[in-house]
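The block underneath contains the structure these notes are about, expressed in structure tokens.
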Amino acid sequence: MIPDLVAIAPKEFESVLADECDARTISQHERLFLLKSKEHPAFAQNVWLKPEILKFQSISQAAKHLRAIQRSWWLHSTAAHRRAQLIQEAMPPVNPRPAEFLADIPKAPLGSWTLLDEETLLYSAQCSSPFPDGEIEFVENKLDPPSRAYLKLWELFTLLEKHPKVGDKVVDLGSSPGGWTWVLDQLGCEVLSVDKAPLEEKMRISKKVKFVSESAFGLKPAKMDWLFSDVICYPERLLELVQKWEPLVPNLVCTLKFQGATNFTIIKEFLKISGSEIRHLTCNKHELTWFRIK
């Protein structure tokens, strides 16, 4: 049976994707899920959009078949690992390098494939992400930002090729220790940074950052160009916060952080907000990034 989609789970979160897909799952192969549905799972790190199956007899036949479709392919090995590696070696190499912040994302298609057994090739020339398994590695700044949370914004802005501009008025709710505020300041924004806890003292920020010692939920909503929130709270409470702000703010980016069981119902409630999307970014753990960017 050819699946409608193939989804790759984030590392260590196979069980979350299994819960989300549930009856839609035809079979699971470690992080790889064959699905009988066109609906993209929220907790998929990468989605194979047009999966196909080839029964083959030789390594050269399999490699030739993939090469005839396009140049670049990424192996997500789940079975017959040695045979899969020999097929990969018969194709042009793919050597991903760490990306720079806001660098152009790859334009050439990167297909994905695996072997289900010694003679069954599962592949898709089109995937939801241009990066191997949907995972992007950056040339990190390990000196200036106070935490690795900044990589969430780096990834989102790079993938979407959209970000706040110099002079944009933005609010960062629940900003401590300051990773997101640091990114927004680096972009030249006028940042209202809000948290009861202070920002990291050693973090270098400009005078365009105004810090307010206040709860993210206590600040009165006001017109802004962008709203950001990486605050630790239940998604239900975050939804209430977003609903208060979104009529006044065209662009919003928030992290939905789950504690215990994943609330898939609340994910659907966020997606009811017009123009919004949800993704599992490389640096997300048991959480998702929700955004609406106009």
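The values are calculated or read from the model by the stated rules, or taken from the named source; none is laboratory data. Note that this is a predicted model, so its numbers are computed, not measured. Here Cβ is always computed from backbone atoms with ideal geometry, including for glycine, and neighbour counts include all displayed protein chains. Please note that ligands, DNA and RNA were not included when accessible areas were found on the heavy atoms of the full protein model with its side chains. Shrake-Rupley method; radii C 1.70, N 1.55, O 1.52, S 1.80 Å.
The mean accessible area for residues of the range 230-293, using a 1.4 Å probe and ignoring ligands and nucleic acids, is 45 Å² per residue.
The 3J(HN,Hα) values that the Karplus relation (6.51, -1.76, 1.60; θ = phi - 60°) gives for the range 77-94 are, in residue order, 6, 10, 7, 6, 4, 5, 5, 4, 5, 5, 5, 4, 5, 8, 10, x, x, 10 Hz. Gly and Pro appear as x. Residue pairs exceeding 23 angstrom between C-alpha atoms, taken from LYS169/LYS294; LYS11/LYS244; LYS210/LYS257; LYS11/LYS64: LYS11/LYS244; LYS210/LYS257; LYS11/LYS64. A 1.4 Å probe over all protein chains sorts LEU110, LEU256 by accessible area into LEU110, LEU256, starting with the largest. Extension gain, GLN70-SER213: 0.36 nm per intervening residue step, less the Cα-Cα distance, totals 46.1 nm. Rounded to whole numbers, the Karplus 3J(HN,Hα) couplings from phi for the range 48-60 are 7, 7, 9, x, 9, 10, 10, 8, 10, 10, 9, 4, 5 Hz, using 6.51 cos²θ - 1.76 cosθ + 1.60 with θ = phi - 60°, and x at Gly and Pro. Of the chymotrypsin sites (Phe, Trp or Tyr not before Pro) found in the range 198-294, none is in coil by DSSP with at most 12 other Cβ atoms within 10 Å of its Cβ.
For the chain, build the charge dipole from Cβ charges (+1 Lys, Arg; -1 Asp, Glu) around the Cα centre, then report which of TYR234, TRP290, ALA18 sits farthest towards its positive end. Farthest along the dipole direction, towards plus: TRP290. Surface listing: GLU30, GLU52 arranged by accessible area from highest to lowest gives GLU30, GLU52, probe 1.4 Å. For the range 173-257, which whole percent of the accessible surface, found with a 1.4 angstrom probe, sits on carbon and sulfur atoms? Carbon with sulfur: 51 percent of the solvent-accessible area.
Pick from LYS165, LYS244, LYS220: which is most flexible by mean-square fluctuation in a GNM of the chain where alpha carbon atoms under 10 Å apart are linked? Among LYS165, LYS244, LYS220, the largest mean-square fluctuation in the Gaussian network model of the chain belongs to LYS220.
Using heavy atoms of the protein chains and a probe of 1.4 Å, the accessible area assigned to ILE53 is about 50 Å².
Let's see if you can work this out: charge +1 on each Lys and Arg Cβ, -1 on each Asp and Glu Cβ, no other charges. What is the dipole magnitude of the chain about its Cα centre, in debye to the nearest 20?
On the way: 37 positive and 38 negative charges, 121 e Å.
Dipole size: approximately 580 debye.
Per residue, the range 142-194 exposes an accessible area of 35 Å² to a 1.4 Å probe, with every protein chain left in place. Using a Gaussian network for the chain with springs between C-alpha atoms less than 10 Å apart, which of these wobbles most: PRO164, PRO96, PRO51? Sorting by GNM fluctuation, first place goes to PRO96. LEU121 contributes about 0 Å² of solvent-accessible surface, heavy atoms of the protein only, 1.4 Å probe. Of (1) 0.93; (2) 1.06; (3) 1.02, which one was derived for Rg/Rh (Cα atoms, Kirkwood Rh) from the structure shown? Only one listed value fits the structure, namely (3). 3J(HN,Hα) couplings calculated from phi for the range 174-182 with the Karplus curve 6.51 cos²θ - 1.76 cosθ + 1.60 (θ = phi - 60°) are, in sequence order, x, 7, 5, x, x, x, 6, 4, 4 Hz; Gly and Pro show x.
Taking 16 Å as the straight-line reach from the Cα of LYS165, the aspartates and glutamates in range (excluding those fewer than 8 positions away in the same chain) are ASP185, GLU190, ASP225. For SER193, the residues 5 or more places off, or on other chains, whose built amide H falls under 5 Å of its own are ASP172, LYS210, PHE211, VAL212. Taking amide hydrogens as placed 1.01 Å from N in the peptide plane, the amide H of ILE26 sits under 5 Å from those of LEU34, LEU35, LYS36, each at least 5 positions away in sequence or on another chain. Of the residues CYS21, CYS283, the one with the largest accessible area comes first in the ranking CYS283, CYS21, computed with a 1.4 Å probe on protein heavy atoms. Computed from point charges on the beta carbon alone (+1 for Lys and Arg, -1 for Asp and Glu), the dipole magnitude for the range 102-218 about its Cα centre is near 860 Debye. Close amide-amide hydrogen proximity is noted between ASP168 and GLU190, each under 5 Å apart and 5 or more residues distant or on a separate chain (H modeled in the peptide plane; Pro and chain starts excluded). With the charge dipole of the range 60-193 set up from +1 on Lys and Arg Cβ and -1 on Asp and Glu Cβ about the Cα centre, the Cα lying farthest toward the positive end among the listed residues LEU159, GLY174, ALA125 is that of ALA125.
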